[in-house]
Amino acid sequence: MKGTEGLKLKKGYSLTEYGKLLALPVIIAFLLFGIYLGKNILEKKQELDLAHNYAVLYQVSKVEAYMQERIQALNIIGEQVSELKASSRCIIEKMKTAEDGFEELLVNCEYAQFRLNKDFPEGAEPSPELIEAADQLVANNFSQDELVNSRMPLVSPLTLDTNEKEKIFLLKSIRKDDGTYCGYLLGALNMEQFFGILGTNDVFPSSYTILLDNKHQIIYHPQIERDSSAELVLPAFKVLKNKTEGTQDYHSPLFKREETASFSTIEGLNWVVWIAAPRFAIYAPLYRKIVFSLFLMLMGFFLALYLRNHFLHNIALPLAQLNSTGESFSKGDFSHRVYFPTRNVPTEISNLATHFNNLAENLEASDTLLKEQGSDLEKRVIERTKELVMKKKETAVLYAVASSVSNTYKLNDVLNRVFNEIMSLFKVEFTIISLQNTNKYLHNVNKTHTIWRVNYPQTEKLIYTDAVTRFNEQAIADNRIISIGDLHKTDENVPLALRWSDIRSLVSVPIGYQNTVLGAVTITSCTPHRFGKQEISMLQAVCSQLGVVITNLGLFNLINEEHHTLLAIINSMNEGLLVLDAEGKILYINPLLLKMVHLDSTHWQEEKSLQSLKEKLNPEVKLEFPYEELQDSFLQQKVFEYGEASITYKKETRYYLIQGFPVMTGDNFIGYGYLVRDITREKEIDILKSSILSTVSHELRSPLTAIYGSAESLMRKDVEWTPEEQQEFIEAIVEDSIRLRELIDNIMDMSKIEAGAFVLDINPNDLVKMTERIVERFQNRYPDYRFVLKAAGDIPLVLFDEHRIEQVYNNLLENAVKYSSNAPEIKIEIRSLPDQNMVRVGVIDGGLGIAPQDQEAIFERFYRVNDVRSKQIKGSGVGLSITKGIVEKHGGEIWVESELGQGSRFYFTLPCEKKEEEKK
Amino acid sequence: MKKPVALVVDDESNILRFVRANLRASGYDIASATTGTEALAQFEATNPDIIILDIMLPEMDGLEVCRRIRQVSDVPIIMITAKGDMQDAVEGLNAGADDYVPKPFAVEELLARVNAVMRRTKNNLAQPSTDKIKLGNLIIDLGQRQVTINGQTAHLTPTEFKLLTYMANKADKVLPHEELLEAIWGKEYRDCTHYLRVSIGRLRQKIETDPGNPEYIVTCSGVGYMIRNVKVN
């Protein structure tokens, strides 16, 4: 694994990219080569320049040596002339030895005057013309100072001789013994001989030497015979003004070419040796070298170009072709082949192409074979798929039938769904389902269901339905499958309507469950022999499934209905219900019980144990529930049990009676239930009852005790009572007897009021007058209190029973007195209420007052306000009740307005006498 | 000899009148009151030997009066109750009354009960003794009429003291209800088990560390009570 990864290139490079990569070293090689060549060329140039310089130096040295030789020779002769002093013979001999190189030698001094040349090999006396010419020449070319002081021979510039020829003259001063100048030895150089040493130079082809004197006159120029053309050369010599040696490029007008000259000055003589040559001739080797180098580089470049193209054509392009063909292979196209247009492709690649082509051929062949086989397989697969689709559809129908129950519990919905499935499964024109033996739990199901896929007129549909139903009924009656391949050609008894109809074939299958036939399904088609064995068995499967579904649906609906009824009963109970299983887990809590403990209905679904449900309770809810006691008795005895519980929520306590009962199925104990009944009202009534009882008994017992005790005391034989004491006892007996009677009367009145047997003697009376009378009586009875009567405005006659209303006053005023010992002013207000045609009476005290919650209840019989202070005030608790009864019997109302500690205002209303106009 | 003083409290003047007359005839000096506060004032003023107290009183009811008096005195108190049920009677006994008479009552009965209560008190006074009974941490000082439990003094009414002493003298023996009732209250109380129940309850409140789970006075269900000589470690 790691190895193959190592072989992989991190990044794929194309062949051209590789070409580019290869170009780099080639370029570098070229660059190096170019540098090398350049350096070579420079070196060559330097070499050439150096050769040029050497040539100049060589000429210089030759000229210098030649001239030195002549000068020395002349010097020696000159010295000897001075010494010999005109021993002319001797001088001539000497001169002969030095003659070489000179064209003519001339001595002109005090001692001698003679000349020596090839015409006068033994010397001759010079002519005075010649002497004169020589003197003239000396004077022109040498200064007097030079002649006098110079020890060594002097060299003249190029000078014309007597024959008008350009000559160089050498002069040696001849001195006397004392050294004074006395004449000269003049030598004219043999120019031909001198030029001979110059002409031999051939450093470059066509190179030539020019020799210039100290005045830059051309001494020697190989091409110039006459100085007429010398000026053509002269411009090049301008450089000599500044430089004594060097190199100069210039255009030669003489040869009409570019020339390069190297020059150097001969020291002592101040002559310049100038060697010029055509520039081309000088640099010819250099140019050759450059051309050769360029040639080499071009060759290299072209070679590289050629190699690249060769590579591209013969390797890269074939490879690309292989690649593209391979790509089309990978896409499954085996028709491509690889052909290369040139024969220069490497063998390996062409072999590869051949293999590739062979492979493609093989693949194409096997592909074709595979396709042929594949189509056969495909056919079989399609057949099998069709089969499977059919099976799947069947399964889908069965599933739909089965699952339709989970979506709906209505048989009609189920049937509709089954219909749709059958239609889509069989693709038939018409389907009919008949049912029988349905029970009431199948929710008003239609006896016959039909569904059409073809569009017939309604009347025709009815006729066909009727006809096909007969097959359905037949199938039900016989509990067998009826299949008719062609209704037009059958022996079976076919109704006429179908004989000529479009419907050609049909199948009827009964729907059954166990041994009961529930109905039948008939499917019809306009194609004869439409239904094969497969279709029939499929329909059979659907029908048996349908049978199960219908039966289950009936059972389900039956159970569901019972369940709902039961639940409705439980939920409408006015009692809480809690059902626990044998382990104490919650099975059911009805909503009322949850409401009792102030819980949401969701809670018990979440909390399955009573304990955890208890923890869910609002912390404000205080629950006292004898759960454990009840559970114990269940677990041990499994019998009915009773208990009491109380729930306190927001300071309000409610009481509950708990009836526990074991839940049994047959003899099996499956849990226990609690019925929780709100008995708060009963409790309250109980408390009220005992309170009534104790009040009544107290009210009865107190006078009775006094009567009994007083009477007994009187009867005592062992005590002698004084007459006063006896009188007191008797009075007590009488007083309390009256009290007893009043009490009994009150109770009787109350009973009458309650029984509705209370008869009033109502007359129009003056209420104010009567009230005044009563107030006066009370004022007398309770002198400590102040009774104030206020009658506002005109009070009409009021309809009332005088005796009873007096009773009302008595009760209200007695109460006012009793409950307001601290504020002894009691107001009685009478006010007319014309709108209601009533008169309102108010009895107002400034006493204890009544708490709001008691204001309703004080009018109930035997109710006494449960308060420490009011407890100590005696009263039977029936007065206000009777008062209310009396007022209401009159058609009036009674109420109280009060606040604790703020006194009470009792009001009652009585109807007025009807006005005159109303009477009419 | 100085006459014993009876304080009669009732708001019903007619009842007050005949009770007073009959007690005076039986040899008592009478003080009377018609309200609860007046009763307390009279109690302080006259230091009565016996109090006849109605429950239903204005301003402060008889039970409260009884409780207040019990804080400072062991004087015998007989309650007069009007409500006929037992609840009233038990409340009265719980408040510290020695006896009760339900309305309406016969004069003879009231006098008999007054005598019985006086007799019980006198019995205590008539049997001065220097003996001490020790039951574990419970010490009954018969001479001082004082009971200490765990070193702390417990205030007992004469009836409670008598009952405790009686039982302590027969420690570790089951004493039937009837025997106790006869011995402490008198023959006529033989069947009044609620007297006994209330007194036992009050005793337990005073001497037991945990009255709900008594250590000394144990109940023998359906039979009677027993006081145990608790062993102290």
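The values are calculated or read from the model by the stated rules, or taken from the named source; none is laboratory data. Since we're looking at a predicted model, the values are computed, not measured. For neighbour counting, all protein chains shown are included, and Cβ atoms are generated from backbone atoms with ideal geometry for every residue, glycine included. Ligands, DNA and RNA are stripped out before the accessible areas are found, and what is left, the full protein with its side chains, is counted by its heavy atoms. Shrake-Rupley method; radii C 1.70, N 1.55, O 1.52, S 1.80 Å.
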Exercise for review: Pick out, from A:V597, A:I28, A:Y181, the residue whose Cα sits farthest towards the positive end of the charge dipole of the protein assembly as shown, with +1 on the Cβ of Lys and Arg and -1 on the Cβ of Asp and Glu.
Suggested key: A:V597
Check your understanding: Taking only Cα atoms, what is the 0 to 90° angle, nearest 10, from helix B:62-72's long axis to the longest principal axis of chain B?
Key -> 60 degrees
Point to revise | Chain pair A, B: total accessible area buried, heavy atoms, 1.4 Å probe, Å² | key: 2300 Å²
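What does the accessible area per residue of segment A:25-81 come to in Å², with a 1.4 Å probe and no ligands, DNA or RNA counted? Before the final figure, lay out the partial values.
Details: 3190 Å² over 57 residues.
That works out to 56 Å² per residue.
When a/c is below 1.5 the answer is rounded, else prolate if a/b is larger than b/c, else oblate, so apply that to segment B:1-46 with a ≥ b ≥ c taken from the square roots of the Cα gyration tensor eigenvalues. Intermediate values should be presented prior to the final figure.
Values: a/c = 4.41, a/b = 1.18, b/c = 3.74.
It is oblate, given that a/c is not under 1.5 and a/b is not larger than b/c.
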Check your understanding: Using θ = phi - 60° and the Karplus form 6.51 cos²θ - 1.76 cosθ + 1.60, what ³J(HN,Hα) does each residue of segment A:307-322 get, whole Hz, x for Gly and Pro?
Key -> 4, 4, 4, 4, 4, 4, 6, 9, 10, 5, 5, x, 4, 4, 5, 4
Exercise for review: Mind listing the long-range amide H neighbours of B:L135? Cut-off is under 5 Å, sequence gap 5 or more, other chains count too, H placed in the peptide plane at 1.01 Å from N.
Suggested key: B:I140
Check your understanding: Heavy-atom accessible surface, probe 1.4 Å, ligands and DNA/RNA ignored: which residues of segment A:714-737 lose at least 50 Å² versus the isolated chain?
Key -> A:R716
Practice item. Only residues of segment A:161-198 count here: report those whose backbone N is under 17 Å from the spot 7 Å along Cα→Cβ of A:E129, or say none. Key: A:161-165
Practice item. Within segment A:484-561, report the chymotrypsin sites (Phe, Trp or Tyr not before Pro) that DSSP leaves as loop and that have at most 16 other Cβ atoms within 10 Å. Key: A:W500
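Can you give the local net charge around A:D119? Use residues other than it whose beta-carbon is closer than 12 angstrom to its beta-carbon, Lys and Arg +1, Asp and Glu -1. Mind dumping the intermediate values first?
On the way: positive: A:R115, A:K118; negative: A:E103, A:E104, A:E122.
My count for the surroundings of A:D119 gives -1.
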Revision key, fill the gap. Of B:P176, B:P102, B:P76, the most mobile residue in a GNM of chain B (C-alpha springs, cutoff 10 Å) is B:P176
Exercise for review: For segment B:1-21, state which residues have at least 50 Å² less accessible area in the presence of all protein chains than in their chain by itself, taking the probe as 1.4 Å and leaving out ligands, DNA and RNA.
Suggested key: B:E12, B:N14, B:R17, B:F18
Study note, to complete from the structure: Taking the protein assembly as shown, the whole-percent share of alpha-carbon pairs separated by over 52 angstrom is 70 percent
Exercise for review: Determine by what factor the alpha-carbon radius of gyration of segment B:86-233 differs from 2.2 N^0.38 Å, reporting the quotient.
Suggested key: 1.04
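If you roll a 1.4 Å probe over chain A with all protein chains in place, what percent of the accessible area is carbon or sulfur?
Working: 28110 of 52060 Å².
Reported share for carbon and sulfur atoms: 54 percent.
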Exercise for review: Would you mind classifying segment A:716-823 by shape? Square roots of the alpha carbon gyration tensor eigenvalues, ordered a ≥ b ≥ c; an a/c under 1.5 is rounded, otherwise it is prolate if a/b is larger than b/c and oblate if not.
Suggested key: oblate
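Quick one: net charge of A:Y649's neighbours, Cβ under 9 Å, K/R +1, D/E -1? Walk me through the intermediate numbers first.
Numbers: positive: A:K622, A:K650, A:K651, A:R654; negative: A:E620, A:E652.
Computed value for this residue: +2.
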Review point. What translational D, rounded to a whole number of µm²/s, comes out for segment A:753-796 from Stokes-Einstein when the hydrodynamic radius is the Kirkwood one over Cα pairs, at 37 °C and 0.692 mPa s?
Key: 250 µm²/s
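Take the Cβ-Cβ distance between A:L42 and A:F340 as r, set R0 to 45 Å, and report the resulting FRET efficiency rounded to the nearest 0.05.
Numbers: r = 49 Å, r/R0 = 1.10.
Efficiency computed from Cβ-Cβ geometry: 0.35.
When the accessible area of segment B:99-233 is computed with all protein chains present and a 1.4 Å probe, what percentage of it is carbon and sulfur?
Numbers: 3070 of 6740 Å².
The computed percentage sits at 46.
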Check your understanding: When the label point is put 7 Å from the Cα of A:L303 along its Cα-to-beta-carbon vector, which residues of segment A:15-34 have a backbone N closer than 14 Å?
Key -> A:26-27, A:29-31, A:33-34
Review point. With a ≥ b ≥ c the root eigenvalues of the C-alpha gyration tensor of segment A:289-339, is it rounded (a/c under 1.5), prolate (a/b larger than b/c) or oblate?
Key: prolate
Review point. In whole Å, how far is the Cα centre of segment B:99-120 from that of segment A:161-181?
Key: 206 Å
Revision key, fill the gap. Segment A:442-543 -> Rg/Rh from Cα coords, Kirkwood Rh, value 0.96
Check your understanding: What is the helix-to-structure angle for B:107-126, meaning the angle in degrees between its Cα long axis and the longest Cα principal axis of chain B, kept from 0 to 90 and rounded to the nearest 10?
Key -> 40 degrees
Check your understanding: What nm value, rounded to one decimal, do you get for the distance between A:N515 and A:L377 when each label is placed 7 Å out toward the C-beta?
Key -> 5.5 nm
Review point. In degrees between 0 and 90, to the nearest 10, how far off the longest principal axis of chain A does helix A:627-637 point, with axes built from Cα atoms?
Key: 70 degrees
Exercise for review: Please turn the phi angles of segment A:792-799 into ³J(HN,Hα) values with the Karplus equation 6.51 cos²θ - 1.76 cosθ + 1.60 (θ = phi - 60°), one per residue in order, whole Hz, x for glycine and proline.
Suggested key: 8, x, 8, 9, x, 5, 10, 8
Practice item. Provide a list, ordered by number, of residues in segment A:667-707 showing at least 10 Å² less accessible area with every protein chain present than when their chain is taken on its own, using a 1.4 Å probe. Key: A:S694, A:S697, A:H698, A:R701, A:S702, A:L704, A:T705, A:A706
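Can you send over the carbon and sulfur percentage of the accessible area for segment B:7-83, probe radius 1.4 Å, protein chains only?
41 percent
So which trypsin sites (Lys or Arg not before Pro) in segment B:110-212 pass both tests, a DSSP loop state and at most 15 other Cβ atoms within 10 Å of the Cβ? Spell out each step's value before the answer.
Working: sites: B:R113, B:R119, B:R120, B:K122, B:K132, B:K134, B:R145, B:K162, B:K170, B:K173, B:K187, B:R190, B:R197, B:R202, B:R204, B:K206; in loops: B:R145, B:K170, B:K173, B:R190.
In loop regions of segment B:110-212 (DSSP not H, G, I, E or B), the sparsely surrounded trypsin sites (Lys or Arg not before Pro) are B:K170, B:K173, B:R190.
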Practice item. Would you mind getting the accessible area per residue of chain B, heavy atoms of the protein chains only, 1.4 Å probe, in Å²? Key: 45 Å²
Exercise for review: Hey, can you grab everything whose amide H is under 5 Å from the amide H of B:V8? Only 5+ residues off in sequence or another chain; H modelled, so Pro and N-termini drop out.
Suggested key: B:A31, B:S32, B:A33, B:I52
Review point. Considering only DSSP states other than H, G, I, E and B, which trypsin sites (Lys or Arg not before Pro) in segment A:504-613 qualify as loop sites with at most 16 other Cβ atoms within 10 Å?
Key: A:K608
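What FRET efficiency comes out for the pair A:N323/A:V389, r = Cβ-Cβ distance, R0 = 51 Å, nearest 0.05? Could the numbers behind the result be given before it?
Values: r = 45 Å, r/R0 = 0.88.
In this case the efficiency is close to 0.70.
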Revision key, fill the gap. Counting only protein heavy atoms and rolling a 1.4 Å probe, one gets per residue an accessible area for segment A:747-796 in Å² of 64 Å²
Practice item. Report, largest value first, the span of the C-alpha coordinates of segment A:349-390 along each principal axis, in whole Å. Key: 57, 13, 5
Study note, to complete from the structure: Sorted by chain and then number, the residues having a modelled amide H within less than 5 Å of the amide H of A:E104, at least 5 places away or on another chain, are A:A188
Revision key, fill the gap. Contour minus Cα-Cα span, A:T680 to A:V26, at 0.36 nm per residue, comes to 223.9 nm
**Study point:** Length-normalised contact order of chain A in % [C-alpha pairs under 8 Å, at least 6 apart]
**Key:** 5 percent
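Give me the number: length gained by fully extending A:D49 to A:L833, i.e. 0.36 nm times residue separation minus the C-alpha to C-alpha distance, one decimal in nm. Kindly include the intermediate steps, with their values, before the conclusion.
Details: separation 784, 0.36 × 784 = 282.24 nm, distance 15.66 nm.
Here the answer is 266.6 nm.
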Study note, to complete from the structure: Along segment A:24-36, Karplus-curve 3J(HN,Hα) (6.51, -1.76, 1.60; θ = phi - 60°) to the nearest Hz, with x for Gly and Pro, reads 4, x, 5, 4, 4, 4, 4, 4, 4, 4, x, 4, 4
